[in-house]
Amino acid sequence: WLAGMTLDPQDVYEAWCHQRGYVCMIEEIGGRRVEPGETFGAACLVGYFDSIKEMHKIYDQYAGHSRLTVSSDGWKLES
């Protein structure tokens, strides 16, 4: 199974997928007013899974996060 999952559904404004000789997943994030100096974003999982059950398990493990930070110590998901 190929899946693209946003870890916090509230980050998604609109999303769709189509297949025309290739698979295209499109997602718009935000959809809300952003003032100068503010930022917005989303954290997503994208990959191949052996089963839908595995896909749900991995999603549940990381659900609710909206950002990925990177430092010399490695990376970390944050809400």
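The values are calculated or read from the model by the stated rules, or taken from the named source; none is laboratory data. Computed from a predicted structure; not experimentally measured. In this analysis, Cβ positions are derived from the backbone assuming ideal geometry, glycine residues included, and neighbour counts consider all displayed protein chains. Each accessible area value is taken on the protein alone, full model and side chains, heavy atoms only, with ligands, DNA and RNA left out. Shrake-Rupley method; radii C 1.70, N 1.55, O 1.52, S 1.80 Å.
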Q: Kindly indicate whether any position in the range 7-16 is in contact with a helix residue (DSSP H, G or I) (Cβ under 9 Å, 6 or more places away or on another chain) and closer than 26 Å to K76 by Cα.
A: yes
Residue pairs within 6 Å by beta carbon, gap of at least six or interchain, first lying in the range 28-42 and at pLDDT 85 or above, second part of a loop (DSSP other than H, G, I, E, B) and of a type in the set (F, W, Y), listed first then second, are V34/F40
Restricting attention to the range 55-68, the residues that are in contact (Cβ under 8 Å) with a residue 24 or more places away in the chain, open to solvent by 60 Å² or more (accessible area, probe 1.4 Å) and under 20 Å from W1 (Cβ atoms) number exactly 1
Pairing a residue in the range 7-18 that is open to solvent by 90 Å² or more (accessible area, probe 1.4 Å) with any residue that is modelled with pLDDT of 90 or more and assigned to a loop (DSSP other than H, G, I, E, B), where Cβ atoms lie under 7 Å and the two sit 6 or more apart in sequence or on different chains, gives none
